[in-house]
Amino acid sequence: MIGSATKKIVRILGCNPGLTTGSGTNTYLLAGDAPVLIDTGAGVPAYETAFRSALAECGLNRLGAVLVTHGHQDHVGGVEQIRHIFPEARVRKMPRPAAEPLRAFDPLQDGERVVANGFAIQAIFTPGHAIDHLCYYLEGERILFSGDLILGIGTTVIPVDGGDMMAYLASLRRLLELDIREIYPGHGPVIDRPREYILAIIRHREMREEQILALLKQGVRDVSTMVKRIYADAPQAVHGLAQQSVLSHLIKLEREGIVVREEEAGMSLFRVR
Ligand SMILES: [Zn+2]
């Protein structure tokens, strides 16, 4: 159990530790008369055991709904395991019709509310890390389940496929309008100073953008060199992910008309307009 006034929420780790997952994906079981599971991990067999022991610990033998934050494998991969145990549970997420088989999920849209255990859980469309990303706001408790939009450990990757730096910053600013007491992220520990934390993330991204602009002005035009310069002290293993984030910043600057992209010998080069 985690949280003091929130003893109904149990964190179950997805049993999938790794470079991009930290100690693994956090999934959250909201115990009560109508139990809800938020995210399902990556689908590794050990998760089913962990999920079953959490159910036993809470004396639960049913599940009302599964709410998925987004379609990345480490959040949606365990859906079939849960369906196997509770075939009747509704599995809900923001649809991504082109990428998902029809009827794989019950659609959930921005602003829709799911009522469970005497609380309403509001879905908040928060693109940026993924095109189908929903955060879930537990009204009353004022807890935000942030998926991968806000992490308790490490930095959210803004992937070239489905990511959008502009949308990401807009999503963070939108969350500042909510009265949030605690954030329960998709990876890492609970965040108990949400506003400061979100503002720090925004500042960090603005600082990164300034670094990129400074490098462009020095004549550095390609993503690889930028990553080597900006992440000189970071382990080589994170450079691949850093490339995606730097490129996402450049795409944002390009869309804002600040930066121009030119293709040369099959390589994207950037310069300040
Ligand atoms: Zn993700």
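The values are calculated or read from the model by the stated rules, or taken from the named source; none is laboratory data. Being a predicted model, the structure only gives us computed values, none of them experimental. Methodologically, a virtual Cβ is constructed for each residue, glycine included, from the backbone with ideal geometry; neighbour enumeration extends over all protein chains shown.
Overview of values
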item	result
Those residues of segment 227-246 which are more than 22 Å from MET166 (Cβ to Cβ) and of a type in the set (Val, Ile, Thr), in sequence order	VAL238
Cβ-Cβ under 6 Å pairs, at least 6 apart or on other chains, segment 245-273 side without any contact (Cβ under 8 Å) to a residue 40 or more places away in the chain, far side among the polar types (S, T, N, Q)	ARG261/SER268
Residues of segment 9-34 satisfying the condition of being part of a loop (DSSP other than H, G, I, E, B) and either at pLDDT 95 or above or among the polar types (S, T, N, Q) (or both)	ASN16, THR20, THR21, SER23, THR25
Matching residues in segment 145-183 - criterion: being more than 16 Å from the ligand (Cβ to nearest atom) and outside any helix (DSSP H, G or I)	LEU176, GLU177, LEU178, ASP179, ILE180, ARG181, GLU182
Among the candidates ALA120, ALA89, ALA130, ALA98, residue that is more than 16 Å from the ligand (Cβ to nearest atom) and either in contact with a helix residue (DSSP H, G or I) (Cβ under 9 Å, 6 or more places away or on another chain) or within 22 Å of LEU13 (Cα to Cα) (or both)	ALA89
Some residue of segment 47-69 being in a loop (DSSP other than H, G, I, E, B), within 16 Å of the ligand (Cβ to nearest atom) and in the same structural domain as LEU149 (by TED's automatic domain parsing)	yes
Any chance GLY140 is farther than 16 Å from ASN26 by Cα, more than 10 Å from the ligand (Cβ to nearest atom) and either among the small types (Gly, Ala, Ser) or within 9 Å of the chain's Cα centre (by Cα) (or both)	yes
Within segment 118-130, tally of residues that are surrounded by fewer than 17 Cβ atoms within 10 Å (Cβ to Cβ) and assigned to a loop (DSSP other than H, G, I, E, B)	1
Matching residues in segment 162-220 - criterion: being within 20 Å of ILE38 (Cβ to Cβ) and of a type in the set (Val, Ile, Thr)	ILE180, ILE183, VAL190, ILE191, ILE198
